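A.B. asks: Take this structure first; my questions come after.
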Amino acid sequence: VEEDPPEDFISPTQTLAASQLGRSPVARAEQADVHAKLVSLTQPGIVYEIRRDQKQVDIGRNPACRIVVQDKRASGTHVRIYRDEAFRYFIEELSPNGCWCNESWMKKGDTRALQHGDSISICVHPQDTKNEPFAV
């Protein structure tokens with residue numbers, strides 16, 4: 001899960017505030033609404049945004065899931081990513097088929113805290129060379 005810096009964040013090398021970089025007020029408002037991102041590791045350019053008002057994102061084969069996976073190894077609702085009121089993110093494994101969070105195998109009922117840069121792979125280890133995983 002990748003968290004965006006605050007709107008007025010200035011790195012030590014910037015000479016201008018972000019608000020002076022020419023972004024429109026609408027673009028700034030839309031970006032401020034995005035609180036975290038899931039970036040696909042298997043499909044370059046695919047990014048799933050988690051908005052500030054979203055408390056959870058379900059991932060699975062069920063069309064009602066926010067992120068739908070076409071892989072037959074995935075369950076209807078395979079994993080749930082959710083946040084608490086302090087905007088700390090967690091992953092909960094809902095499927096008996098399991099998933100990987102970084103190098104740790106998660107079985108049904110397991111929950112882990114997520115940090116910036118964590119990887120999630122459904123059913124298959126993300127480094128598996130025989131089977132292409134769904135990984136973010």
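A.B. asks: Output the Kirkwood hydrodynamic radius of the stretch 53-122, Cα pairs only, in Å rounded to one decimal.
C.D. replies: About 12.1 Å for the stretch 53-122.
A.B. asks: For the pair R51/Q115, report the inter-label distance in nm, with labels modelled 7 Å from Cα in the Cβ direction.
C.D. replies: The answer from the label model is 3.1 nm.
A.B. asks: Please work out the average accessible area per residue across the stretch 53-122, using the 1.4 Å probe convention, and give it in Å².
C.D. replies: 54
A.B. asks: Contour minus end-to-end for T42 and A64, with contour as 0.36 nm per residue of separation and end-to-end as the Cα-Cα distance?
C.D. replies: Result for the pair: 5.7 nm of gain on full extension.
A.B. asks: Would you mind telling me the share, in percent, of accessible area of the stretch 53-122 contributed by carbon and sulfur at probe 1.4 angstrom? Can you show the working numbers first?
C.D. replies: Details: 1810 of 3790 Å².
C and S fraction of accessible area: 48 percent.
The values are calculated or read from the model by the stated rules, or taken from the named source; none is laboratory data. Predicted model only: the values in this text are computed from it and were never measured. Ideal geometry is used to build each Cβ from the backbone, glycine not excepted, and the neighbour counts take in all protein chains shown. Note: areas computed on protein heavy atoms with side chains; ligands, DNA, RNA excluded. Shrake-Rupley method; radii C 1.70, N 1.55, O 1.52, S 1.80 Å.
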